[in-house]
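Notes follow once the structure below has been shown.
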Amino acid sequence: MTLAPERLHISPTAPHVTEPTHVAAPHHVLNTRLSLGGGAGRTHPPKKSGRPNPMAHLDNAQIERIGVELDALRAEVMDSRGARDAAYIRRVIKIQRGLEIGSRALLLFSGVKVKGIRPAFWLGTAGLSLAKILENMEIGHNVLHGQWDWMRDPKIHSTTWDWDMASPAKQWQHSHNELHHTYTNVLEKDTDLGYGLLRVDEDQEWQLFHLGQPLWHVINAMFFEYGIAAYDLELRGTLQNWDALSEDERAKFKQLAWDTVHKIRKQATKDYLVHPALSGPSFGWTLLANFIANCTRNVWSNTVIICGHFPDGIDTFETDSIEGETRGEWYLRQMLGSGNISGPMLMHVMTGNLSHQIEHHLYPDMPSNRYAEIAPRVRELMERNDLHYVTGPLLKQAAQVYRKVGVLALPNKEPGRSRLGIVAGEIAKVLRGKGGARAKRHAPSTV
């Protein structure tokens, strides 16, 4: 599958694109853990909790036909990539850089008052916040997914991009691209389900630590980039199991930790030393503006991401259910384990088009500007096969997640025992020095 001749030329700024661009293999083709047997004889029983399996009404032939249809949709879009798409990402990058430079220039005068207010401070802070959101979501996240590698532009490539985040790109690509997108919403496999901090599904075992998760959630949102850096590093789990690690494993962790510290130091130096120092007497105001911009970007990113997998109607999957998983079942899991956010085009851009989380999980390496184009066809396919297409406004989706975080801070009801009774029993065990069995068995191992 190659691009048509008229689509080979990308732009005068990319003369290195001189040959047909070949479509990358779909994720499920590259994923060697998937079965090629067509799912013959496989069943989809209810979950251990008794909740129904969302695939149970489809037979194996129907599931594989869904896979074939989604393969065809992918090929259609990927074969049509060309100058229009390249122009889009270059335009977004140009806008983002102009917004950031202009905002940082304004903040040099952030200490100046005009009629009792500081216009440069407020405008610069707002502009820098938007610039950081745009760089993180529509540019950084998608470039690091390889969505623009087909352009063969070394400046916009997944192997060279250095984003404005605390987490080193390669570590994030491993935890996100390789692990999360492979094991989407699989209990005990996809550690993105709560990031080791939150219990977001009834089938996740409760522990005393989760009592504080409404607070952990807010703190994690404000400082999300550092939480993600620790998560990508597998910091808590590694430190808890340090004595069991080999010398090679310890050396590898130390190198990864140093890479993370170096990245954090680089970001902090830029935002909290160099830029404020250039402001002279406005040092403090410029430093505050950078802090607010980073927190705003973190809260926005966290909000968008939690709306992608945790709202009502989105399914999780048992670990043993993916043994022998076929390409059709992998596609189904991506659709059923993800949810979208409805809204105008500007919001889609500011979310990095993760407002089309379903389409993104089907095709992680598809240019993000194409998700809105295929969304109606994906929705029609799902509804035609009696599959729930989860979507809704941002505030509604986020409110559902925050409610879920609060409710699941408490354990599930058990026959003859109330939630508060279970909590009291576990606390009593700890106070008696025995320790809660739940807490010991399943202590958080990541962020």
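Data overview
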quantity	calculated
Stretch gain in nm, segment residue 414-residue 123, where the contour uses 0.36 nm per residue and the Cα spacing is subtracted	99.4 nm
Under-5 Å amide H pairs with residue 326, H placed in peptide plane, nonlocal only	35
Ellipsoid semi-axes in whole angstrom, largest first, where each is sqrt(5λ) of the Cα gyration tensor of the chain	36, 33, 21
Low-density loop cleavage sites - GluC sites (Glu not before Pro) in the range 98-190, where at most 11 other Cβ are within 10 Å (DSSP)	none
Charge dipole of the chain about the Cα centre (unit charges at C-beta), most positive-ward option of 395, 146, 345	395
Distance between modelled label sites at residue 274 and residue 160, nm, 7 Å Cα→Cβ extension	2.0 nm
Check: the range 236-384 dipole with +1 on Lys, Arg Cβ and -1 on Asp, Glu Cβ, in debye	880 debye
Residues of the chain: accessible area per residue with a 1.4 Å probe, Å²	46 Å²
Total charge dipole magnitude, the chain, about the Cα centre, Cβ charges on Lys, Arg, Asp, Glu only, Debye to nearest 20	1760 debye
Gain in span if fully extended, residue 170 to residue 59, counting 0.36 nm per residue against the direct Cα distance	36.1 nm
Distance in nm between pseudo-label sites at residue 112 and residue 178 (7 Å out along the Cβ direction from Cα)	5.0 nm
Farthest toward positive dipole pole in the range 105-160 [+1 Lys/Arg, -1 Asp/Glu at C-beta], among 157, 117, 134	117
Reachable aspartates and glutamates from residue 270, criterion Cα separation under 18 angstrom, eight or more residues apart if same chain	100, 135, 162, 164, 225, 259
Gyration tensor verdict on the range 53-133 (Cα atoms; rounded if a/c is under 1.5, prolate if a/b is larger than b/c, oblate otherwise)	oblate
Electrostatic dipole magnitude of the range 313-433 [Cβ: Lys, Arg +1; Asp, Glu -1; Cα centre; debye, to 20]	700 debye
FRET efficiency estimate (nearest 0.05) - Cβ-Cβ, residue 239 to residue 265, R0 25 angstrom	0.75
Additional length obtainable on full extension of the chain from residue 384 to residue 222, 0.36 nm per residue less Cα span	54.3 nm
Carbon/sulfur fraction of accessible area - the range 77-128, other protein chains in place, 1.4 Å, %	72 percent
For the range 190-268, with +1 on Lys and Arg beta carbons and -1 on Asp and Glu, the positive-most of 193, 218, 241 along the dipole	218
Three-way shape call for the range 74-231 based on the alpha-carbon gyration tensor, with the a/c threshold at 1.5	oblate
Solvent-accessible surface (1.4 angstrom probe) belonging to residue 159, in square angstrom, nearest 10	90 Å²
Fluctuation leader among 411, 54, 344 - the chain, Gaussian network, Cα springs under 10 angstrom	344
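The values are calculated or read from the model by the stated rules, or taken from the named source; none is laboratory data. What you see is a predicted model, and the numbers here were worked out from it, not measured in a lab. When we count neighbours, we look across all protein chains shown, and the Cβ atoms used for this are built from the backbone with ideal geometry, even at glycine. Keep in mind that these areas ignore ligands, DNA and RNA; they rest on the heavy atoms of the full protein, side chains included. Shrake-Rupley method; radii C 1.70, N 1.55, O 1.52, S 1.80 Å.
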